[in-house]
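Let me begin by presenting the structure, written as structure tokens, before commenting on it.
Bear in mind that the values in this text are calculations on the coordinates, not laboratory data. All of these numbers come straight from a predicted model, not from anything done at the bench. A quick note on method: Cβ atoms are made from the backbone with ideal geometry, for glycine too, and the neighbour counts reach across all protein chains shown.
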Amino acid sequence: MATDTAVSTAEPRTGTDSPIRLAVILGSTRDGRFGPKVAGWFARRAALRSDMSVDVVDLAETPLPTALTHRPGPEERAALEAVTPRLDAADAFAVVTPEYNHSYPAALKNAIDWHYTQWQAKPVGFVSYGGISGGLRAVEHLRPVFAEVHAVTVRDTVSFHNAGGLFEPDGELKDPEGPDTATGVMLDQLVWWARALRTARTTHPYGT
Ligand SMILES: Cc1cc2nc3c(=O)[nH]c(=O)nc-3n(C[C@H](O)[C@H](O)[C@H](O)COP(=O)(O)O)c2cc1C
């Protein structure tokens, strides 16, 4: 795990109001990417809360095969082993995505497509960044994709417009007030849905 996205995680309990397990998925994988700054900042904020534990799944550090197959061989299984159990364990997801040509990275789509039950009946929030758009067009492309795998996307997002100029070299924000507020709103929604859906999945296993 990259230093600036490393976050300590507490072992969650399992009652209705117990902390949720949040998987923060970093979707940008290219050399020289800006994504770890954004994901690191967000994960550190999330980890301050007592109602969640945080696991950062960096798709650059856990690369998945690009050829989807229904019969994964040993290599595919080894790669999936670094990601799938962590998605399985999550009660909620925060997807950190840049915007590339008005959409989201191919590596992120690949990670979504390799999985199915791991997303089902779980909430997804978005942290986006990019140029003037703040990655919002990438988010709107992700919503129908997550609907297809039976996930629930929350309304509010955290978005960074012209993100390169917003962060200090140490990864902190020059002006954190707005993003702090947006993060609180989005995480409150994720926690509400995560608890409700965790209870519902326990009472009535989804899709059966
Ligand atoms: C191939 C490519 C396409 C891009 N297209 C857009 C775009 O459509 N809209 C936008 O606001 N920014 C766009 N950008 C800017 C990126 O969102 C911005 O550089 C971001 O920091 C990239 O994230 P990363 O460094 O983590 O990969 C693009 C960047 C690249 C490399």
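Going by a ≥ b ≥ c, the root eigenvalues of the Cα gyration tensor, does the stretch 104-169 fall in the rounded group (a/c under 1.5), the prolate group (a/b larger than b/c) or the oblate group? In terms of gyration-tensor shape, prolate. As a proxy for reagent exposure, Lys109, Lys122, Lys37, Lys174 were ordered by neighbouring Cβ count within 10 angstrom, fewest first; the result is Lys174, Lys109, Lys37, Lys122. Based on Cα contacts under 8 Å between residues 6+ apart, the stretch 20-202 shows a relative contact order of 24 percent. Counted by neighbouring Cβ atoms within 10 Å, the residues Thr202, Thr84, Thr153, Thr117 run from fewest to most as Thr202, Thr117, Thr84, Thr153.
Using C-alpha pairs under 8 Å with a sequence gap of at least 6, the mean separation divided by the residue count of the stretch 125-166 gives a relative contact order of 58 percent.
For a straight C-alpha distance cut-off of 19 angstrom, the aspartates and glutamates reachable from Lys109 (same-chain residues fewer than eight places away being disregarded) are Asp31, Asp58, Glu61, Glu76, Glu81, Asp88, Glu99, Glu140, Glu148.
Exposure proxy for Arg195, Arg77: other Cβ atoms within 10 Å of each Cβ, ordered fewest to most, give Arg77, Arg195.
Contact order, relative form, for the stretch 130-198: 34 percent (alpha carbon pairs under 8 Å, 6 or more residues apart, mean separation divided by residue count). In a DSSP loop and with at most 11 other Cβ atoms within 10 Å, the chymotrypsin sites (Phe, Trp or Tyr not before Pro) in the stretch 89-186 are Tyr116. Averaging Cα coordinates gives a centre for the stretch 181-202 and one for the stretch 46-110; these two points are 19 Å apart.
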